[in-house]
1. If residue 250 satisfies every condition in (1) within 23 Å of residue 119 (Cβ to Cβ); (2) crowded, with 19+ Cβ neighbours inside 10 Å but one, which is the exception?
2. Applying the selection to the stretch 34-67, what residues are outside any helix (DSSP H, G or I), surrounded by 18 or more Cβ atoms within 10 Å (Cβ to Cβ) and over 24 Å from the mean Cα position of the chain (by Cα)?
3. Only one of these conditions is not met by residue 195: (1) touching a residue at least 40 places away in the same chain (Cβ under 8 Å); (2) farther than 22 Å from residue 54 by Cα. Which number is it?
4. Return yes when residue 174 is in a helix (DSSP H, G or I) and surrounded by fewer than 20 Cβ atoms within 10 Å (Cβ to Cβ) and no when it is not.
5. Of the conditions (1) touching a residue at least 12 places away in the same chain (Cβ under 8 Å); (2) under 24 Å from residue 190 (Cβ atoms), residue 249 satisfies every one except a single condition; which number is it?
6. Exactly one of these conditions fails for residue 202: (1) surrounded by 23 or more Cβ atoms within 10 Å (Cβ to Cβ); (2) part of a helix (DSSP H, G or I). Give me its number.
7. Mind checking whether some residue in the stretch 69-79 is in contact with a helix residue (DSSP H, G or I) (Cβ under 8 Å, 6 or more places away or on another chain), modelled with pLDDT under 95 and assigned to a loop (DSSP other than H, G, I, E, B)?
8. Pull up the stretch 402-423, narrow it to residues that are touching a helix residue (DSSP H, G or I) at 6+ places or on another chain (Cβ under 7 Å) and assigned to a helix (DSSP H, G or I), then point me to the one that is farthest from residue 106 (Cα to Cα).
């Protein structure tokens, strides 16, 4: 479900020519991109230099998967024991760090499951049904309450982070890999199977993320969903092992499995989630946000507003002056670090609909200010239980929409992240009915 945390050092892959990862990502979202096959070959070559923890033969995979699940469960039990004994959160020191992380991984979450899109073309072949079932569940079977991409979009929207932030190009790596694999499924079937095998094994950081988001008052339904749906007993981790067994060429198992291992190692390209989280620097993020705002605000303030004998316009007119400006706000008593932010004059200027600077800072930037001012002061924990947002259930199709379209036309509308739109959700439900892949409920 997330980038695997391998024991080996991850390698940052090169891009073909001068095309950035973000540009390639956007091109793949827009539709078929033939040049992405060459780029995918490059990434597979680089992944081939890495080690993996897979067993020597496919027959050992069920035991390997069960062992992985047991190790994660044991490690998580240890984490919970440490927390009960008073240990601090392992990942998120504050809410701002959590919001930062959620935005950093957004390009990957926006195409959740995309590596399996090409399997839909083989809906008549039962050997592909494990992969197809996994993909359809990533799409929530067309139910807006369960579509993984839509769940993540709703999460960002509720947090005021839907617009996102400027990201380093490498943040688009895993999403680009997933889109490329989905577009070239037939040519890279063993690699798709291998990537799926690695991505669907629930990692420890997924459990910790779910727990700590809840502590910070953030609804982690997206992450909780993957804790349950990816389980090794009957979930996506189990289906990933089954898919390999069903699709592996019996006359050339060794060669097929060698390619599976290359696809599996693609999960190690880029940076693992725990390492990414550790990159967050609260003060650096705050100062960077101020520097971005400085250009727009340097002529917006009256001259009577002064901090240490300088007008606000003068402070904002000087590139690189934001550290000194923040220090001046503290020295003048506008910011009281280590106390509840509501006690600071500065916070009262930026928070609330009647604040003089209402709307100057977005939700994430305000959270940076809040947590930086609070410092060691801790607000009461407000743990939330992951859940739905009370969205309406999927409705029956209206006449003349998608009921009678051929599967090929529906599949096109289920690609990338288009399946999260109303049209894509409708196409997903129509595809399930048209192909007879609707899974019956108990009765």
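The values are calculated or read from the model by the stated rules, or taken from the named source; none is laboratory data. Note that the coordinates shown come from a computational prediction; the quantities given were computed from them, not determined experimentally. Using ideal geometry, Cβ is built from the backbone for each residue, glycine included, and neighbour counts are taken over all protein chains shown.
1. Just one mismatch for residue 250, condition (2).
2. Passing the criteria: only 54.
3. Of the numbered conditions (1) touching a residue at least 40 places away in the same chain (Cβ under 8 Å); (2) farther than 22 Å from residue 54 by Cα, the odd one out for residue 195 is (2).
4. Working: in a helix (DSSP H, G or I): yes; surrounded by fewer than 20 Cβ atoms within 10 Å (Cβ to Cβ): no.
It is false that residue 174 is in a helix (DSSP H, G or I) and surrounded by fewer than 20 Cβ atoms within 10 Å (Cβ to Cβ).
5. (1)
6. The number of the failed condition is (2).
7. Looking for residues that are in contact with a helix residue (DSSP H, G or I) (Cβ under 8 Å, 6 or more places away or on another chain), modelled with pLDDT under 95 and assigned to a loop (DSSP other than H, G, I, E, B), one finds none in the stretch 69-79, hence no.
8. Taking the stretch 402-423 and keeping what is touching a helix residue (DSSP H, G or I) at 6+ places or on another chain (Cβ under 7 Å), we get 402-403, 405, 407, 410-411, 413-420.
Pick out the ones that are also assigned to a helix (DSSP H, G or I) and you get 407, 410-411, 418-420.
Numbers: 407: 29, 410: 26, 411: 24, 418: 15, 419: 16, 420: 14 Å.
Ranking the qualifying residues of the stretch 402-423, first place goes to 407.
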